[in-house]
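Step one of this worksheet: look at the structure below.
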Amino acid sequence: MVQDGGSQVCKVDVAAKEAAITRFLDEYPQAADAGRGHPVLQGCEDVRWSDFSECPAGIPVLLHALLDRAAAPEAERVLSNCLHNGITAMNAAVPTVLPFLLGLAGDPQVPVRSELLGLLVVVAEFSESVDAGDEASILWFGSDSEHPEREQCRAVFMEHASVVAALAEELASSDHRAALRQAAGLL
């Protein structure tokens with residue numbers, strides 16, 4: 001358990017995340033090249049992912065691997081783990097990866113599209129502002145000032161509101177549709 005401002009958070013070490021990506025590549029060496037040239041992934045390799053606290057440099061490998069039919073389920077699992085800093089916090093890199101995830105979730109050819117829709121719902125829920133007067137929530141999730149990635153994610157969802165609205169329509173759960181729409185400022 002690590003003390004983070006006013007909150008206690010169980011964090012996954014960046015070395016463990018890098019090791020998970022290495023294990024993934026050992027099992028699926030072909031996957032890193034699967035999404036090369038996909039238009040929604042342009043620029044993902046230009047981001048200095050390791051400049052984000054607790055973010056591994058291998059995020060582009062996982063994004064590309066989401067387009068490999070054999071590797072996509074494991075790539076999505078490893079990517080999800082890399083984007084969380086424990087059970088109550090998302091990584092500071094999430095606002096930067098979010099446009100790539102939105103683009104991939106909108107592509108019907110992506111093998112794990114439904115899983116990406118689920119991940120977007122989780123990001124939308126993690127992006128919700130925490131009530132500054134709710135001490136228990138602040139203890140668990142930290143204040144919004146400690147986690148600027150929440151507001152940054154909401155800004156990305158709003159910037160891509162038309163895509164978010166279309167993706168929300170594909171979700172079976174009315175709560176999940178509402179979470180996406182809320183994050184994009186559509187409610």
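The values are calculated or read from the model by the stated rules, or taken from the named source; none is laboratory data. Just so it is clear, the structure is predicted and the values come from calculations on it, not from any experiment. No Cβ is skipped: glycine too gets one built from the backbone with ideal geometry, and neighbour counts run over all protein chains shown. The accessibility values were calculated without ligands, DNA or RNA, using every heavy atom of the protein model including side chains. Shrake-Rupley method; radii C 1.70, N 1.55, O 1.52, S 1.80 Å.
Listed values, structure above:
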read-out: Most mobile of Leu139, Leu41, Leu117 in a GNM of the chain (Cα contacts under 10 Å); value: Leu139
read-out: Cα principal axis extents for region 91-187, largest first, Å; value: 43, 27, 21
read-out: Neighbour cut-off at most 11 other Cβ (10 Å), DSSP loop, trypsin sites (Lys or Arg not before Pro), region 21-52; value: Arg36, Arg48
read-out: Residue-by-residue Karplus 3J(HN,Hα) for region 15-27, coefficients 6.51, -1.76, 1.60, Hz, glycine and proline x; value: 5, 5, 5, 4, 5, 5, 5, 4, 4, 4, 5, 5, 7
read-out: Expected 222 nm ellipticity per residue - DSSP helices of 4 or more, -39500 (n - 2.57), all of the chain, to 500; value: -15000 deg cm²/dmol
read-out: Debye, to nearest 20: dipole size of the chain, +1 on Lys, Arg Cβ, -1 on Asp, Glu Cβ; value: 380
read-out: Carbon plus sulfur fraction of accessible area for the chain, probe 1.4 Å, in percent; value: 53
read-out: Amide proton proximity set for His84, modelled H, under 5 Å, gap of 5+; value: Asn91
read-out: GNM result for the chain, Cα springs below 10 Å: residue of Leu83, Leu66, Leu167 fluctuating most strongly; value: Leu167
read-out: Top positive-direction residue, dipole computed over region 1-138 with Cβ charges, set Cys55, Tyr28, Pro95; value: Tyr28
read-out: Dipole axis of the chain (+1 Lys, Arg; -1 Asp, Glu on Cβ), positive-most option in Phe126, Ala15, Val164; value: Val164
read-out: GNM top mover of Cys82, Cys153, Cys44 - the chain, alpha-carbon springs below 10 Å; value: Cys44
read-out: For Rg/Rh (Cα atoms, Kirkwood Rh), calculated from these coordinates, the label among [x] 1.37; [y] 1.74; [z] 0.96; value: [z]
